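Data first, discussion second: the structure below is written as structure tokens.
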Amino acid sequence: MISYNLDRFDQKPVADFDPGLGIADPLNTSYRVRAEYEDEIPFQDRLAKFLSDPNISKVNSLVIGAWSIEGESSESVVEMLTAASDDLKLEALFLGDIVSEEQEISWIEHGDISPLFLAFPDLRILRVRGSNSLQVGTIRHEKLEQLAFESGGLPSSVWLQVVQADLPSLEKLELWFGEDNYGFDGDVADLAGLNDETRFPKLKELGLMNSMVQNDIAKWIVQQPILARLERLDMSMGALTDEGAKALAESKAFSELSSFKIHYHFVSDEGLELLGKTGVSIDAAEQEEADEDDGEVYYYIGVSE
Amino acid sequence: MTQSVDRDRWTLLADLRDVRAQSFAKSLRERGIEPNLIDYRDLLRGKLEDLADVGERSVLRLESPGDAVDLWSEITNQGREASNGHREPAVSPPEYERGRLAFTPAWYRGWCALLERVRRTLSDRRLLYCAHPDDIVFSFDKLRSQQALAAAGVDVPRLLGSIASYSELREKMHEARLARVFVKLRHGSAGSGVLAYETNGSREQIWTTIESRDEEGELKLFNSLKQRRVTDLRAIEAIVDAQAAYGSFAEEWVPKASCADKRFDLRVLIVGGARAHTVARLSRSPLTNLHLFGERRDLSDLRTDDATNPLDREILDQIDATCGRVTKVYGKSLHLALDIAVRHTRRSVAVLEVNSFGDLIHGVTHRGLTPYEAQIDAVTTFDAESLDRYVS
């Protein structure tokens, strides 16, 4: 469950855009534009007002919150942003700062977001929440440093495009795979594209997260050249158990990571001890226990719904 | 100049077998007051003479009818007799079943008729009411109550009005351009019979405590303490339709603020026009107001995570202002309980419902007093003029 909206984005405090006040502090604020329940101004009018503000050219980071209280897709948001790209020079964009109480992650509808990559050549950070009907096109971007897709069920049509992308500046990648009930599909082995040093020469921080097949991912990554190039690995929110933890702990390349994060996991104390012995800095908050019912064991990932 | 209220003369009109009446009587006795006790059952049998003992300018506390099966059945029967041929879901003895949703229109009419009898019989007594029958009747029609609050400038969720069927629900949501709503029993209480419905055009689901059982072609609804999620379209349709037969209405699903990774709403008690006990109820699922036995937190401890951002002064001021506006609508009662949502933006609040009998909260004190003690204390210590506002 996603409980909280962002407080900070791109190292700046997030503030909701108030059409009455306009863009007052573009350099030190990440403005968030979202459908607000407190007044009657529709989201589209709000965003239009934001984009036509005299200070819009000074804005470089932007958070888009809930754009619809009736379940519409982000397509018109993407259109409005790209149409404003003569003035708007985005460096950081969060598309979908939406909490569970507004809309569950797997109910968030998108469209084709590939125009964003073309319209904003200075983009350093892109984070997208939700993946229904999401299309990303062929991803090629010179300056993108951080890319994240948060999902309760990420389809291979998205994550395959990502692992085949051409992102020479990319340092940090986060993929939330989710579960097949909500749209995840594909074979973990197809993540192999991430090994290509020519397309991801700077990748240091990898998040392969929120997956039902977290153990498979663990067993896969210890076989991959990419692991040796990484500094930080994040496998939070998934159904990682001792099986996956053991594979990681036995890997030489894993032991050379500087940090490993599993916020929300199913690894036992013994499993954590194995991981601890590798010398890697382990952040393993939220140790969960599987549910048992009639001899069957059930694991739940951090965010699906 | 009128004579003042006889502060030490109390009558409890209640299900005397219920824990509420027993513990309120105990609180009175601890203050040296021996209450006059009248059971609803006697009034339902027509023994109105019991009310003769209710002294002029004394204090009357009407209690919740509770959930005793015999009381529910008798109230429902009397309401059905007055139904003038309305179509009713069949809920009455001997076929009354434990846990079956009992907040039917017939129950509501029977309950209103009982309260009306009490009101009429006592209309010349000039009593101080903890909860006035008029206010109680009003709070048991949640749709009317919310409409009146909105008209009085109280922030409530956007109302979609009464719902006759699943297809009407979808139509009204479409018109209101809302993808998420709560559908509630018009005459229900707290979380009983509530469902949270959401769609994104292609998918639909509900969260609910309603359990439905198809018995010989009749869909019966039961209330459970366990929430479940229903995603099957036909099941959703059947539950919404069956709920509508009990009388339901829909309102906007106000996104609630979270604390400790759970959603919360507030149960706020008002005594003598001022906010008293205020507790947050936390829940992992959309239905936060199931009962008061779940995880609770003090108002001062509603942080967005473990370190920062308790509710700020501005929100507390809004809650107090909201209480003030609600008491203008529910002006005849010394005591009221409100369920209030703080929106996820933490910038505004919305009243989810008003409850005349919302003061059964264990283990919570305000200025050292339990909810029951706070009301007794108000009657004992308020000046005559303040008390007179609740005399009618």
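Each value in this text was obtained by applying a stated rule to the coordinates, not by laboratory testing. These numbers were taken from a predicted model, which means no experiment stands behind them. Quick reminder, even Gly has a Cβ in these numbers, built from the backbone with ideal geometry, and neighbours come from all protein chains shown.
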I'd like the distance separating the alpha-carbon centroids of segment A:23-38 and segment A:158-195, in whole Å.
31 Å
Tell me what the protein assembly as shown gives for mean residue ellipticity at 222 nm when only DSSP H runs of n ≥ 4 count, each as -39,500 (n - 2.57), the sum divided by the residue total, rounded to 500 deg cm²/dmol.
-7500 deg cm²/dmol
Mind sorting A:Asp7, A:Asp196 by how few other Cβ atoms lie within 10 Å of their own Cβ, fewest first?
A:Asp7, A:Asp196
Distance violations [Cα-Cα > 32 Å] among A:Lys49/B:Lys262; B:Lys172/B:Lys220; A:Lys12/B:Lys262
A:Lys49/B:Lys262
The orientation-averaged projected area of the Cα convex hull of the protein assembly as shown, in nm², is 34.0 nm²
Going through segment B:215-281, which GluC sites (Glu not before Pro) have at most 13 other Cβ atoms within 10 Å and a DSSP loop state?
B:Glu216
If R0 is 25 Å, what FRET efficiency do you get for A:Glu292 and B:Glu237 from their C-beta distance, rounded to 0.05?
0.15
Using the alpha-carbon centroid of each, what span in Å lies between segment A:280-305 and segment B:339-392?
41 Å
Which far-off residues, 5 or more places away or on another chain, put their amide H under 5 Å from the one on B:Thr11, with H placed in the peptide plane?
B:Asn36, B:Val59, B:Leu60, B:Arg61
Below 17 Å, Cα to Cα, which lysines can A:Lys261 reach? Residues fewer than 8 away in the same chain don't count.
A:Lys172, A:Lys204, A:Lys219, A:Lys246, A:Lys277
When B:Val54, B:Val59 are ranked with the fewest other C-beta atoms within 10 Å first, the list becomes B:Val54, B:Val59
In debye, nearest 20, what is the charge dipole magnitude of the protein assembly as shown about its Cα centre with +1 on Lys and Arg Cβ and -1 on Asp and Glu Cβ, if you could check?
2080 debye
Please list, by residue number, every one of the chymotrypsin sites (Phe, Trp or Tyr not before Pro) in segment B:305-379 that is coil in DSSP and has at most 16 other beta-carbon atoms within 10 Å.
none
Below 20 Å, Cα to Cα, which aspartates and glutamates can A:Lys202 reach? Residues fewer than 8 away in the same chain don't count.
A:Asp10, A:Glu91, A:Asp122, A:Glu142, A:Glu145, A:Asp166, A:Glu171, A:Glu174, A:Glu231, A:Asp234, A:Glu256
I'd like the projected area of chain A, averaged over all directions, using the convex hull of its alpha carbons. Report it in nm² with one decimal.
15.7 nm²
From fewest to most C-beta neighbours within 10 Å, the residues A:Ser61, A:Ser259 line up as A:Ser259, A:Ser61
With the contact rule set at Cα under 8 Å and sequence spacing of 6 or more, what percent relative contact order holds for segment B:1-52?
37 percent
Working out 0.36 nm times the residue gap between B:Arg31 and B:Arg229, then minus their Cα-Cα distance, what length gain in nm do you get to one decimal?
66.5 nm
What average number of partner chain Cβ atoms lie no more than 10 Å from the Cβ of the residues making up B:345-355?
2
Pull up the cross-link candidates among the lysines for B:Lys26, meaning alpha carbon to alpha carbon under 27 Å and not fewer than 8 places away within one chain.
B:Lys47, B:Lys332
